[in-house]
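The values are calculated or read from the model by the stated rules, or taken from the named source; none is laboratory data. Given the structure is predicted, the values throughout are model-derived calculations rather than measurements. FYI the Cβ positions are ideal-geometry reconstructions off the backbone, even for glycines, and counts take in every protein chain you see.
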Ligand SMILES: [Zn+2]
């Protein structure tokens, strides 16, 4: 039963990812100028999904 908490955390984690609640870390950021704005490239620590979003 010792592996249960880890498994449970993984299951909860993937559920959160499915619902769109990712655990993002910023892997790249671009500074914007004027009205153009910059973007951040973020990656989820759990599922590894990479998303580029406006700052
Ligand atoms: Zn995720």
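Quick one: would you say residue 15 is on the phi < 0 side of the Ramachandran plot, over 9 Å from the mean Cα position of the chain (by Cα), within 12 Å of the ligand (Cβ to nearest atom) and in a helix (DSSP H, G or I)?
On the way: on the phi < 0 side of the Ramachandran plot: yes; over 9 Å from the mean Cα position of the chain (by Cα): yes; within 12 Å of the ligand (Cβ to nearest atom): yes; in a helix (DSSP H, G or I): yes.
Here the answer is yes, as residue 15 does meet what is asked.
Could you go through the range 12-19 and let me know if any residue there is surrounded by fewer than 10 Cβ atoms within 10 Å (Cβ to Cβ), closer than 18 Å to residue 55 by Cβ and modelled with pLDDT of 90 or more.
no
Sort out which residues of the range 34-55 are without any contact (Cβ under 8 Å) to a residue 12 or more places away in the chain and either within 16 Å of the ligand (Cβ to nearest atom) or touching a strand residue (DSSP E or B) at 6+ places or on another chain (Cβ under 9 Å) (or both), and write them in order of number. Give the steps one after another, and end with the answer.
Start the filter on the range 34-55 by keeping residues that are without any contact (Cβ under 8 Å) to a residue 12 or more places away in the chain, which leaves 34-36, 48.
48 - this is the single residue of the range 34-55 that is without any contact (Cβ under 8 Å) to a residue 12 or more places away in the chain and either within 16 Å of the ligand (Cβ to nearest atom) or touching a strand residue (DSSP E or B) at 6+ places or on another chain (Cβ under 9 Å) (or both).
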